[in-house]
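**Q** This is the structure I have questions about; it appears just below.
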Amino acid sequence: MPLLSVAPRRVVTAMTKPSLPDLLHAAVSAVGGTERPGQVAMAEAVAEAIDDNSHRLIQAGTGTGKSLGYLVPALAHGERVVVATATLALQRQLVERDLPRTVEALHPQLRRRPQFAMLKGRSNYLCLHRLHEGAPQDEEEGLFDQFEAATPTSKLGKDLIRLRDWADETETGDRDDLTPGVSDKAWGQISVSSRECLGATKCAYGAECFAEAARERAKLADVVVTNHALLAIDAIEGAPVLPQHEVLIVDEAHELVSRVTGVATGELTPGQVNRAVKRAAKLVDEKTADSLQTASESFERVMELALPGRLEEIPEDLGYALMALRDAARNVISAIGATRDKSVHDEDAVRKQALAAVESIHGVAERITNGSEYDVVWYERHDRFGATLRVAPLSVSGLLREKLFEDRSVVLTSATLKLGGDFNGVAASLGLSAEGVEGEGVPVWRGLDVGSPFDYPKQGILYVAKHLATPGREGTRGDMMDELAELIEAAGGRTLGLFSSMRGAKAAAEELRGRLDNPILLQGEETLGELIKTFAADPKTCLFGTLSLWQGVDVPGPSCQLVIMDRIPFPRPDDPLMSARQKSVEEHGGNGFMAVAATHAALLMAQGAGRLVRASGDRGVVAVLDPRLATARYGSFLRATLPDFWYTTDRNQVRRSLAAIDATAKADGK
């Protein structure tokens, strides 16, 4: 009898549990799309990783619909899942479009409405304490006096008035909900970092705090959408920022290593140290303040003579300056902690800001003077801002292996994870071994390429200008300019020019504006959004630019039928961090050029080539004006990373193809 009473309930549960294919079908229908084989394969792989607590690297080409490919199994999971992305555009798409539609579509089958929330770093939210009490300022700045002006005339003053008005209207306090935006300087007056925050229990506005409200929403959510930087902070700093989770999905995962490196990088500038001195002087005795001031002056004298480049050994004068800075900063931190001046207006906020500034200086100075073999130290010099001292980890692979993969199931996805034909290069940068290889303390993972719905061999041509001279470090490439002009003329405009440097983009724009009738837009001459909008609206127009265009342009249709790369985008030979990483690989018996420089170039080229085919009806050419892609030994590695376009080095064939594509577009009224 007990068996008979239990069995029917088991059968009913099995029958009523919604299947993944049914859920995916409902979600895709809700967004007006069509299920694709790659999307189904991706959803199954994500669900499998969640179920068996394993790790996956999933390459999903443009047009696969990868957002739903991971959101559906994430929502069906029933426990909290964190989704980390690299770009604001994708975060907004997930929270404002994909998740609301998907939740509603799955509700009838899941019999619940999973909750979702977006979570960012504290400085992304308006701080009510700063807004109402005023930002602690260096005496000579007095920026918040602008709030008192009846009719502010400066751009900063107008921005601050806008922010005050917006604070009464916004429900989120999220900077990205403010349109149009304001300058970083204006936003800095009404926001705080996590170090500067008083804490909800000590702040008079804690109950209304936008950042705290966002964190509370995240604690209740089934899916939390965040960014790579906050994910890195959560992992690196040891203080939990994200709510507890056992499943992590990293979208745009090709960006993760660089974002984590950025979070783990420290810097010191004379201006930064001077601001800390001024803030601390209000809170400590004269002797302690003078000690920090003297150390600051010594550091500034060293930085005046700093030349750009890596410091494989810390020069004696810099070492002494950093030790003095470290020790003086430590004394200031102790003094601020031991004293509290009740006469200082809003003293808690003043103390917090001063402590944050001095602690940052102490941390970087101590890190550099400790001299870890796993850190890279270098000088940078800017014409306007002077010299900066930076320190960054030689590699973040060990950090990611230990902090990211140990206690959760991780799915990493992107359109570009297979470099040179396999996942192993990206996996190594993440702290993983070769696929399927177990090592002590190294998580096991599996890779999956779900392909793309596009027919790349029929939709696109990869043309390498094999006849051109090999690019050099300096000077204008006359033959390249001629080739560029001829290709644009054949295409009738419709060109996205991706350059390895801003100098190259400017030189090409200046040259071709004098040779062609086509409008040439140049990155930096207008906001990126406006440039892309103008480029998409007029097929005759060309858009030239550098790094953000390689990865950030989505213009389907006839306005982008020719994508040109001026050269293979290897990192600069004098890039301190890249060259240090390359040298380290070589010292351990590896091929530093292939592991670092070629991998870096392959990733960028794959992203750049991905700008061409964005829809099933797109046709066009990716033209690489660097013969090394055809002639060098590493060329095959780079080509294997690109979409499977039809490949040629025949310049005449490409011109005929471009002219035919242009004629077809014009016949269609485009």
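**Q** Could you go through the stretch 247-267 and let me know if any residue there is more than 30 Å from Asp52 (Cβ to Cβ) and assigned to a loop (DSSP other than H, G, I, E, B).
**A** Looking for residues that are more than 30 Å from Asp52 (Cβ to Cβ) and assigned to a loop (DSSP other than H, G, I, E, B), one finds at least one in the stretch 247-267, hence yes.
**Q** Output the number of the condition that Ala49 fails; it satisfies all remaining conditions of (1) touching a residue at least 12 places away in the same chain (Cβ under 8 Å); (2) surrounded by fewer than 21 Cβ atoms within 10 Å (Cβ to Cβ); (3) assigned to a helix (DSSP H, G or I).
**A** Failed condition: (2).
Here is a yes/no grid of residues against (1) among the small types (Gly, Ala, Ser); (2) open to solvent by 10 Å² or more (accessible area, probe 1.4 Å):
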site	(1), (2)
Arg473	no, yes
Glu483	no, no
Ala490	yes, yes
Leu498	no, no
Asp517	no, yes
Thr534	no, yes
Val563	no, no
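**Q** Same structure again: Which condition number does Val464 fail, the rest of (1) modelled with pLDDT of 95 or more; (2) open to solvent by less than 60 Å² (accessible area, probe 1.4 Å); (3) more than 30 Å from Gly514 (Cβ to Cβ) being met?
**A** Only one criterion in (1) modelled with pLDDT of 95 or more; (2) open to solvent by less than 60 Å² (accessible area, probe 1.4 Å); (3) more than 30 Å from Gly514 (Cβ to Cβ) is unmet by Val464, namely (3).
**Q** Give just the number: which of (1) open to solvent by 60 Å² or more (accessible area, probe 1.4 Å); (2) under 16 Å from the mean Cα position of the chain (by Cα) does Gln115 not satisfy?
**A** Here Gln115 clears every test but (2).
**Q** Any idea which residue in the stretch 56-102 is nearest to the chain's Cα centre (by Cα), counting only those that are under 19 Å from Pro18 (Cβ atoms) and β-branched (Val, Ile, Thr)?
**A** Within the stretch 56-102, the match that is nearest to the chain's Cα centre (by Cα) is Val81.
**Q** Filter the stretch 408-423 down to residues that are assigned to a strand (DSSP E or B) and farther than 15 Å from Arg56 by Cα, then give me how many there are.
**A** Keep residues of the stretch 408-423 that are assigned to a strand (DSSP E or B), which gives 409-414, 419, 422.
Right, trim to farther than 15 Å from Arg56 by Cα and you get 419.
Residues in the stretch 408-423 being assigned to a strand (DSSP E or B) and farther than 15 Å from Arg56 by Cα: 1 in total.
**Q** Answer yes or no as to whether Asp644 is open to solvent by 70 Å² or more (accessible area, probe 1.4 Å), under 24 Å from Ala537 (Cβ atoms) and not aliphatic (A, V, I, L, M).
**A** Taking the combined requirement at face value, the residue does not satisfy it.
**Q** Still on this structure: Which of the residues that make up the stretch 393-407 are more than 19 Å from Glu586 (Cα to Cα) and outside any helix (DSSP H, G or I)?
**A** Answer for the stretch 393-407, where residues must be more than 19 Å from Glu586 (Cα to Cα) and outside any helix (DSSP H, G or I): Leu404, Phe405, Glu406, Asp407.
**Q** Quick one: in the stretch 65-85, which of the residues that are in contact with a strand residue (DSSP E or B) (Cβ under 7 Å, 6 or more places away or on another chain) and hydroxyl-bearing (Ser, Thr, Tyr) is surrounded by the most Cβ atoms within 10 Å (Cβ to Cβ)?
**A** Selected residue: Tyr70.
**Q** Ok, one more. Within the stretch 183-219, how many residues are over 14 Å from His129 (Cβ atoms), open to solvent by 90 Å² or more (accessible area, probe 1.4 Å) and in contact (Cβ under 8 Å) with a residue 24 or more places away in the chain?
**A** Result for the stretch 183-219: 4.
**Q** Tell me which residues, restricted to the stretch 161-181, are assigned to a loop (DSSP other than H, G, I, E, B), modelled with pLDDT of 85 or more and either of a type in the set (Val, Ile, Thr) or surrounded by fewer than 16 Cβ atoms within 10 Å (Cβ to Cβ) (or both).
**A** Kept after step one, since they are assigned to a loop (DSSP other than H, G, I, E, B), are these residues of the stretch 161-181: 168-173, 178-181.
From what's left, modelled with pLDDT of 85 or more: 168-173, 178.
Scanning the stretch 161-181 gives Asp168, Glu169, Thr170, Glu171, Thr172.
Listed here are the residues, each with its yes/no results for (1) of a type in the set (Phe, Trp, Tyr); (2) in a loop (DSSP other than H, G, I, E, B); (3) touching a strand residue (DSSP E or B) at 6+ places or on another chain (Cβ under 6 Å).
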{"site": "Thr226", "(1), (2), (3)": "no, no, yes"}
{"site": "Arg275", "(1), (2), (3)": "no, no, no"}
{"site": "Lys278", "(1), (2), (3)": "no, no, no"}
{"site": "Thr294", "(1), (2), (3)": "no, no, no"}
{"site": "Glu312", "(1), (2), (3)": "no, yes, no"}
{"site": "Tyr320", "(1), (2), (3)": "yes, no, no"}
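**Q** Among the strands (runs of 3 or more DSSP E) confined wholly to the stretch 510-613, which include 3 or more residues that are of a type in the set (A, V, I, L, M), touching a strand residue (DSSP E or B) at 6+ places or on another chain (Cβ under 7 Å) and closer than 23 Å to Leu484 by Cα?
**A** In the stretch 510-613, 520-522, 562-565 are the strands (runs of 3 or more DSSP E) which contain 3 or more residues that are of a type in the set (A, V, I, L, M), touching a strand residue (DSSP E or B) at 6+ places or on another chain (Cβ under 7 Å) and closer than 23 Å to Leu484 by Cα.
**Q** Does Ala357 satisfy being assigned to a strand (DSSP E or B), crowded, with 19+ Cβ neighbours inside 10 Å and modelled with pLDDT under 95?
**A** So Ala357 fails the test.
**Q** If the Cβ limit is 7 Å and pairs must be 6+ apart or interchain, which residue in the stretch 546-560 that is over 17 Å from Met605 (Cα atoms) pairs with which residue that is among the β-branched types (Val, Ile, Thr)?
**A** Val555/Ile532
**Q** If Pro453 satisfies every condition in (1) under 22 Å from Thr62 (Cα atoms); (2) open to solvent by 40 Å² or more (accessible area, probe 1.4 Å); (3) in a helix (DSSP H, G or I) but one, which is the exception?
**A** Failed condition: (3).
**Q** Please specify each residue of the stretch 187-204 satisfying the condition of being assigned to a loop (DSSP other than H, G, I, E, B), under 17 Å from Leu163 (Cβ atoms) and hydrophobic (A, V, I, L, M, F, W, C). Don't jump to the end; show me each part of the working.
**A** To start, the set of residues in the stretch 187-204 that are assigned to a loop (DSSP other than H, G, I, E, B) comprises 189-204.
From the residues that got through so far, the ones that are under 17 Å from Leu163 (Cβ atoms) too are 189-192.
Within the stretch 187-204, Ile190, Val192 meet the criteria.
**Q** Moving to a separate point now. Name the pairs whose Cβ atoms lie under 7 Å apart, with the first residue in the stretch 309-336 and under 13 Å from Gly371 (Cα atoms), the second of a type outside the set (Val, Ile, Thr) and open to solvent by 40 Å² or more (accessible area, probe 1.4 Å), and 6 or more positions between them or separate chains?
**A** Hits for this filter: Ile314/Gly371.
**Q** Could you count how many residues in the stretch 536-551 are open to solvent by 40 Å² or more (accessible area, probe 1.4 Å) and touching a helix residue (DSSP H, G or I) at 6+ places or on another chain (Cβ under 7 Å)?
**A** 2
**Q** Conditions: (1) more than 18 Å from the chain's Cα centre (by Cα); (2) surrounded by fewer than 18 Cβ atoms within 10 Å (Cβ to Cβ). Leu283 meets all but one. Number of the miss?
**A** All conditions are met except number (2).
**Q** Could you list, in sequence order, the residues of the stretch 565-597 that are open to solvent by less than 30 Å² (accessible area, probe 1.4 Å) and closer than 30 Å to Thr534 by Cβ?
**A** Met565, Asp566, Ile568, Pro569
**Q** Might you let me know whether the stretch 27-34 holds any residue that is modelled with pLDDT of 70 or more and open to solvent by 80 Å² or more (accessible area, probe 1.4 Å)? So that I can check it myself, show each step before the final result.
**A** Just the residues of the stretch 27-34 that are modelled with pLDDT of 70 or more, to begin with: 27-34.
If we keep only those that are open to solvent by 80 Å² or more (accessible area, probe 1.4 Å) too, we end up with 34.
Yes.
**Q** Name the residue that is farthest from Leu248 (Cα to Cα), counting only residues in the stretch 205-224 that are in a helix (DSSP H, G or I) and of a type outside the set (Gly, Ala, Ser).
**A** Of everything passing the filter in the stretch 205-224, Glu208 is farthest from Leu248 (Cα to Cα).
The values are calculated or read from the model by the stated rules, or taken from the named source; none is laboratory data. Bear in mind the structure is a predicted one, so any value in this text is a computation, not a measurement. Note that each Cβ is placed from the backbone with ideal geometry, even for glycine, and that neighbours are counted across all protein chains shown. Surface areas here come from the heavy atoms of the whole protein model, side chains and all, with no ligands, DNA or RNA. Shrake-Rupley method; radii C 1.70, N 1.55, O 1.52, S 1.80 Å.
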